[in-house]
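Q: Okay, here's the structure, questions in a sec.
The values are calculated or read from the model by the stated rules, or taken from the named source; none is laboratory data. Bear in mind the structure is a predicted one, so any value in this text is a computation, not a measurement. Note that we place each Cβ from the backbone using ideal geometry, even for glycine, and neighbour counts take in every protein chain shown.
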Amino acid sequence: MSLSTVMSALELSQSRLGKDTGISRTAINRIVLHGVWPARGTTTAQQAVRACLKKHGASASQLREALAVESAKKLAPGVTAPEAAPEEANAIETPEEEAMLLPPQPLTEATRRHFALFTNPFVGEVTSNAEMFINGNIRFVREVAWQAAVGARMVAIVGESGAGKTTMLDDLKDNILRERKSVVCIEPSMEGAEETDTKGKTVKAVDIHTAIVRTFNAKASVASNAEARSRQVNAALTESCSSGHSHLLIIEEAHALPVPTLNHLKRLHEKMRLGRKPMLGILLVGHPELEKKLARWDVREVMQRIEIARLPPLGADLSAYLQCRASAAGRKLDEFITPEGVDELRSRLTVQGTGEPAQMSMLYPLNINNWMATALNTAADLGAPRVDRDVVRAI
């Protein structure tokens, strides 16, 4: 049972706990959410929290369990408690931990009432053009993906988790429908796909051939012989191309493709032609590991023929992104967060990576959304009218 669980059972807010103990709201937030006690006066702070909990009706078992759990997170190496040693590795605060990727957090009922919200404007899928944030980098990636679809080019879209790769793919498919382009999207299943068979299932040439053939005929029997299967794929693409269709092979989680399959894709792209016209565009979407894999010597033929487009962090466009999300909900950004709060959020999510000479930005849309949801909940819990610098620092 955690401290936050006990507080919830006692209907005790962080604001009230802070007032009763005299501990700052920032320190209270770190204690409740992360189990991090003040570096100085830890014992005094714990005694004050214990007294407050007891005052609000906490039982002996609640006091014992709540404070024991929170204290265990700060035990030093060498203690005999069975769970203390594993926790110690995470107890040392590093820049990476300060800007870690936060898990999704729904807005509490108190937060929705505090900010007059029925839905969370900083979370959820992009379902309309109004919700689609576009800057120079995103516009470039969109165009590269579009050319793969209509020009049968071989392209790789690379971005960290939460950078917006799935949003970009959905936008591409929506544009194809909106522009009434006759593009057939072929998407092999990547469920359970791994680089080696010891970890999961490798995606091989036969899987890609099967996906192409059955996109045109779901009940088709796919040839077992590699040569016959290649001719079957060529015949299906030729017939469709002669009917005025373009084709785009989309492979998500492409960083999980083994090297032989990447080389096969290059050969497939070159072979599937109708005269001089390529019949199959290829769009690989994956994490930065994909780009590292493409830089290997044994994949050089692919690297020389593929165009790589990267989805970088939002950086200086953080405020514009947040405003876009607020506007899509019919609200103004300053109803939720102050300019100083935005600056602090940018600072918190820009860290010095381990062993890296340059700073590392974690300003990706999904991570920003999760931080904003947490910040709004924290502001409501602290009674702050908006998310400001202090609220962001309390996360």
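Q: Could you count how many residues in segment 154-187 are in a loop (DSSP other than H, G, I, E, B) and closer than 11 Å to SER246 by Cβ? Even if it seems obvious, please write down each step before you answer.
A: Here is the first cut: in segment 154-187, the residues in a loop (DSSP other than H, G, I, E, B) are 160-164, 179-182, 187.
So of that shortlist, the ones also closer than 11 Å to SER246 by Cβ come out as 181-182.
Qualifying residue count, segment 154-187: 2.
Q: Identify, by number, the condition in (1) farther than 30 Å from PHE122 by Cβ; (2) in a loop (DSSP other than H, G, I, E, B); (3) at pLDDT below 80 that ALA58 doesn't meet.
A: ALA58 satisfies every listed condition except (3).
Q: A follow-up question, please. Looking only at segment 206-232, how many residues end up being closer than 28 Å to GLU289 by Cβ and buried (at least 18 other Cβ atoms within 10 Å of the Cβ)?
A: Here the count works out to 6.
Q: Here is a further query. Need pairs with beta-carbon distance below 8 Å; first residue in the same structural domain as ALA236 (by TED's automatic domain parsing) and within segment 179-192, second surrounded by fewer than 18 Cβ atoms within 10 Å (Cβ to Cβ) and aliphatic (A, V, I, L, M); sequence gap 6+ or separate chains.
A: Within 8 Å, the pairs are LYS181/VAL150; VAL183/VAL150.
Q: For GLY244, indicate whether it is in contact (Cβ under 8 Å) with a residue 12 or more places away in the chain, assigned by TED's automatic domain parsing to the domain that holds ALA295 and either more than 30 Å from ASN137 (Cα to Cα) or touching a His at 6+ places or on another chain (Cβ under 8 Å) (or both). Walk me through it before giving the result.
A: Numbers: in contact (Cβ under 8 Å) with a residue 12 or more places away in the chain: yes; assigned by TED's automatic domain parsing to the domain that holds ALA295: yes; either more than 30 Å from ASN137 (Cα to Cα) or touching a His at 6+ places or on another chain (Cβ under 8 Å) (or both): yes.
In short, yes.
Q: Let me ask something else. Tell me which strands (runs of 3 or more DSSP E) are completely within segment 250-359 and hold 2 or more residues being assigned by TED's automatic domain parsing to the domain that holds PHE122, within 24 Å of the chain's Cα centre (by Cα) and among the polar types (S, T, N, Q), or say none if there are none. Show your work before the answer.
A: Details: elements: 281-286, 307-311, 350-352.
Once the strands (runs of 3 or more DSSP E) in segment 250-359 are filtered for at least 2 residues that are assigned by TED's automatic domain parsing to the domain that holds PHE122, within 24 Å of the chain's Cα centre (by Cα) and among the polar types (S, T, N, Q), what remains is 350-352.
Q: Of the residues VAL150, VAL141, only one is assigned to a helix (DSSP H, G or I), surrounded by 19 or more Cβ atoms within 10 Å (Cβ to Cβ) and in contact (Cβ under 8 Å) with a residue 40 or more places away in the chain; which? Working first, answer last.
A: On the way: VAL150 fails: surrounded by 19 or more Cβ atoms within 10 Å (Cβ to Cβ).
VAL141 is the lone residue from the list that is assigned to a helix (DSSP H, G or I), surrounded by 19 or more Cβ atoms within 10 Å (Cβ to Cβ) and in contact (Cβ under 8 Å) with a residue 40 or more places away in the chain.
Q: Within the group VAL285, VAL342, VAL351, which residue is modelled with pLDDT of 95 or more, crowded, with 19+ Cβ neighbours inside 10 Å and in contact with a strand residue (DSSP E or B) (Cβ under 8 Å, 6 or more places away or on another chain)?
A: Numbers: VAL342 fails: in contact with a strand residue (DSSP E or B) (Cβ under 8 Å, 6 or more places away or on another chain); VAL351 fails: modelled with pLDDT of 95 or more.
Criteria check complete, one pass: VAL285.
Q: Being touching a Cys at 6+ places or on another chain (Cβ under 6 Å) and either at pLDDT 95 or above or surrounded by 13 or more Cβ atoms within 10 Å (Cβ to Cβ) (or both) is true for just one of LEU248, LEU257, LEU268. Which residue is that?
A: From the options LEU248, LEU257, LEU268, the qualifying one is LEU248.
Q: Here are THR111, THR167: which of them is among the polar types (S, T, N, Q) and more than 17 Å from the chain's Cα centre (by Cα)? Even if it seems obvious, please write down each step before you answer.
A: Values: THR167 fails: more than 17 Å from the chain's Cα centre (by Cα).
Result of the check over THR111, THR167: THR111.
Q: Let me ask you something else. Answer yes if at least one residue in segment 294-317 is without any contact (Cβ under 8 Å) to a residue 12 or more places away in the chain and more than 29 Å from LEU172 (Cα to Cα), and no otherwise. Walk me through it before giving the result.
A: Of all residues in segment 294-317, those without any contact (Cβ under 8 Å) to a residue 12 or more places away in the chain come to 295, 297, 300, 303-304, 316.
Restricting the remaining residues to those that are more than 29 Å from LEU172 (Cα to Cα) gives 297.
Taking every residue of segment 294-317 in turn, at least one turns out to be without any contact (Cβ under 8 Å) to a residue 12 or more places away in the chain and more than 29 Å from LEU172 (Cα to Cα).
Q: If the Cβ limit is 8 Å and pairs must be 6+ apart or interchain, which residue in segment 50-76 that is more than 18 Å from ARG30 (Cβ to Cβ) pairs with which residue that is modelled with pLDDT under 80 and not in a helix (DSSP H, G or I)?
A: If the second residue must be modelled with pLDDT under 80 and not in a helix (DSSP H, G or I), the pairs left are GLN62/MET1; GLU65/MET1.
Q: For the structure I just gave you, tell me whether VAL155 is over 12 Å from GLU253 (Cα atoms), of a type in the set (A, V, I, L, M) and surrounded by fewer than 18 Cβ atoms within 10 Å (Cβ to Cβ). Before the answer, list the steps.
A: Details: over 12 Å from GLU253 (Cα atoms): yes; of a type in the set (A, V, I, L, M): yes; surrounded by fewer than 18 Cβ atoms within 10 Å (Cβ to Cβ): no.
No, not satisfied.
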